[in-house]
Amino acid sequence: MTKKVVENEQQQAVTGVEAIWDSWLNSFKSLQGVQNDIEKKSLEVFAYQRDLLEAARKSLYTAENESKKMAEEWNEKLEGIVKSAEKNQSELSSSWLSAVKEINEKALALSWNPSHSLFDLFSQTQDQLEATVKEAMKQQDKGRDEALKQIEGLTEQVKKTHKEILETVSV
């Protein structure tokens, strides 16, 4: 009966220690889950930023197209007014209209080209940053998986060693 009580106490001690180590291992796994969630949220931020840049780009193109349409309408109206007012001075009018068109085209190009370049730069930077973060996350996942395997092995060794110690102590 005494031997049975000692064996029962040993089994309870082993079970208690194993529960502590299992709890510690589960906490480590939970921490990895939190890190994975943070990574997912980071990628969601990149997707949101990409969508925002794309919406801004579409707005820019729409504004540019509307501006071009207005400039064309303005040119047509100006051409009509000049033609009707100056039938006698057609050569002067046509050179003046050409100069106005050229100035208008240059003004449009100067006002829209920097915006396109800026959006292209933002998009390229966004893509490069996202690729870098994804690669870093991939490396972190690989490192965490390797660390988890090593910690799981260590936990099993500690449990086994503790169990052996308890068995030798009770003998």
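The values are calculated or read from the model by the stated rules, or taken from the named source; none is laboratory data. Just so we're clear, the structure is a prediction, and the values are computed from it rather than from any experiment. Glycine gets a Cβ as well: all are built from the backbone with ideal geometry, and neighbour counts include every protein chain shown. Note: accessible area is taken over every heavy atom of the protein model, side chains too, but ligands, DNA and RNA are not part of it. Shrake-Rupley method; radii C 1.70, N 1.55, O 1.52, S 1.80 Å.
Are any residues in the range 80-121 open to solvent by 100 Å² or more (accessible area, probe 1.4 Å) and at pLDDT 75 or above, and if so, which ones?
E105
Give the range 1-38 a look and list any residue that's modelled with pLDDT of 85 or more and among the small types (G, A, S), or say none.
S23, S27, S30, G33
Within the range 128-171, can you find the residues that are small (G, A, S) and free of Cβ contacts under 8 Å to residues at least 40 places away in the same chain?
Within the range 128-171, A131, A136, G143, A147, G153 qualify.
Out of everything in the range 67-79 that is under 30 Å from E54 (Cβ atoms) and among the aliphatic types (A, V, I, L, M), what residue ends up being modelled with the highest pLDDT?
Ranking the qualifying residues of the range 67-79, first place goes to M70.
Suppose we filter I151, I165 for residues that are of a type outside the set (G, A, S) and open to solvent by less than 40 Å² (accessible area, probe 1.4 Å); which single one remains?
Exactly one residue qualifies, and that residue is I151.
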